[in-house]
1. Out of Glu234, Glu255, I need the residue that is at pLDDT 95 or above, open to solvent by 20 Å² or more (accessible area, probe 1.4 Å) and among the acidic types (Asp, Glu). Which one?
2. Output the qualifying pairs, or none if there are none: Cβ atoms under 6 angstrom, residues six or more apart or on different chains, first residue in region 118-136 and free of Cβ contacts under 8 Å to residues at least 40 places away in the same chain, second residue more than 9 Å from ligand 3 (Cβ to nearest atom).
3. From (1) without any contact (Cβ under 8 Å) to a residue 60 or more places away in the chain; (2) farther than 23 Å from Glu81 by Cβ, pick out the condition that doesn't hold for Glu191.
4. Any idea which of His171, His161 is open to solvent by 10 Å² or more (accessible area, probe 1.4 Å) and touching a strand residue (DSSP E or B) at 6+ places or on another chain (Cβ under 8 Å)?
5. Considering only residues of region 123-148 that are assigned to a loop (DSSP other than H, G, I, E, B) and within 14 Å of Cys163 (Cβ to Cβ), which is most open to solvent (accessible area, probe 1.4 Å)?
6. Of the conditions (1) modelled with pLDDT under 95; (2) open to solvent by less than 70 Å² (accessible area, probe 1.4 Å); (3) more than 28 Å from the chain's Cα centre (by Cα); (4) within 28 Å of Glu255 (Cβ to Cβ), Leu367 satisfies every one except a single condition; which number is it?
7. Looking at Ala181 and the list (1) modelled with pLDDT of 95 or more; (2) open to solvent by 40 Å² or more (accessible area, probe 1.4 Å), which single condition is not satisfied?
8. Looking at Arg385, Arg344, Arg359, Arg379 in this structure, which one is touching a residue at least 40 places away in the same chain (Cβ under 8 Å), farther than 20 Å from Leu314 by Cα, open to solvent by 70 Å² or more (accessible area, probe 1.4 Å) and outside any loop (DSSP other than H, G, I, E, B)?
Amino acid sequence: MPKRKHEKQPKQSRMILTQCAFCAADLGLSLGKKCGRCSTRYCGPECQVKHWQEGGHDTLCKTIKKAGGAEQYNANNRYTEAVTVAAEACAEDTKGQTCYICTQALHWKTKEGLVRMCACRGTAGFAHVSCLAEQAEILVAEAEENNLDDKVLNERWNRWHTCSLCEQQYHGIVKCALRWACWKTYLGRPETDQFRCMAVSLLGNGLSDAARHEDALSVKEAELSMLRRIGAPEGNMLIAQSNLANTYHMLGRNEEALQMRRDVFSGCVRLLGTEHRDSLHEAHNYAMSLIRLKRFKEAKSLMRKTLPVARRVLSEGNDIMLRMRWTYAKALYKDPATTLDDVREAVTTLEETAPTARRVLGGAHPLTSSMELSLQDARAALAAREAA
Ligand SMILES: [Zn+2]
Ligand SMILES: [Zn+2]
Ligand SMILES: [Zn+2]
Ligand SMILES: [Zn+2]
């Protein structure tokens, strides 16, 4: 018995709670000390004592331990918060409706209200987050117990992020609440468990979509270090790194984003070859990071190397192709040291790609409007150049 306890605890401490519970110092994934009973983490014994004496840990420790430790306790709380916020946000839309799963307006146990944030219309699709989560958990467990094949298992796993009625992904705060539900369901499993891995990845991306970038950062960093530790396939690691680079970028940590983008790009080339869509997409991401840091020459040379490859394998209307050409044009006209020919080339490029984007993706697509704005900027830069 003691051995099992010993094995179990590090797994819990090595997750998304990466700060001292008293002074909020960053502990990364391994530093500091934790409460022997409930695994709450501290930078050192001083904070632990203070938290006990002044921070209320003396009254909470038992509750946290009972909930399954600090990580589980945190996930449960974050989930409950998210459900409350989601039900409040949906209150107007869900007035007078009932849950399509339990048929009640108020949840019998939690008393939570209804939500609906998918593509369901009319009277369809109203539900309690708890009912959606319970349904997903049961369906996945059943598939697991009966060893159903991967296709069925994946379809069932989708219930954690996609509505079974309209087949569209949940969005907004409902998405976030369900991802906390998913994480709290699987976090106690061993690190190598596929559902635990998928749950942490869903949570990180859900937090990003909800613009909770600081929270997303700790989840994504924990995910990446976990994947390294368990020796996950390189492809999975590259996806996690790419997601983490997005978060660095959103937090304005552009140097770190750039380094990670460079690693992901070279990793993709090594693993998949230069002609793979993912490699080309990552070339584009890497170039964008270079432009953000005003390293235009490098961005230009990267795009000059990768665009001919993209032309061989992608059509002109392909989303990645359009993004790559747009990025190349930006590298050309935004560089203060650019030549007149380069600015002309930028304008010509955007005059070709902007109408293609409008035709293929539609006028409401964010890429179309961004490209059209860039075309205006490039034309202005050209006019200024010619006037000078
Ligand atoms: Zn501390
Ligand atoms: Zn404790
Ligand atoms: Zn319900
Ligand atoms: Zn729906």
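1. The unique qualifying residue is Glu255.
2. Pairs that qualify, where the first residue is free of Cβ contacts under 8 Å to residues at least 40 places away in the same chain and the partner is more than 9 Å from ligand 3 (Cβ to nearest atom), are Phe126/Thr94; Phe126/Gln97; Phe126/Arg116.
3. The number of the failed condition is (1).
4. Residue meeting the stated conditions: His161.
5. Ala124
6. Failing condition for Leu367: (3).
7. So the condition that Ala181 fails would be (2).
8. After applying the criteria, what remains is Arg385.
The values are calculated or read from the model by the stated rules, or taken from the named source; none is laboratory data. Being a predicted model, the structure only gives us computed values, none of them experimental. When we count neighbours, we look across all protein chains shown, and the Cβ atoms used for this are built from the backbone with ideal geometry, even at glycine. Protein only, heavy atoms only, side chains kept; ligands, DNA and RNA dropped before computing areas. Shrake-Rupley method; radii C 1.70, N 1.55, O 1.52, S 1.80 Å.
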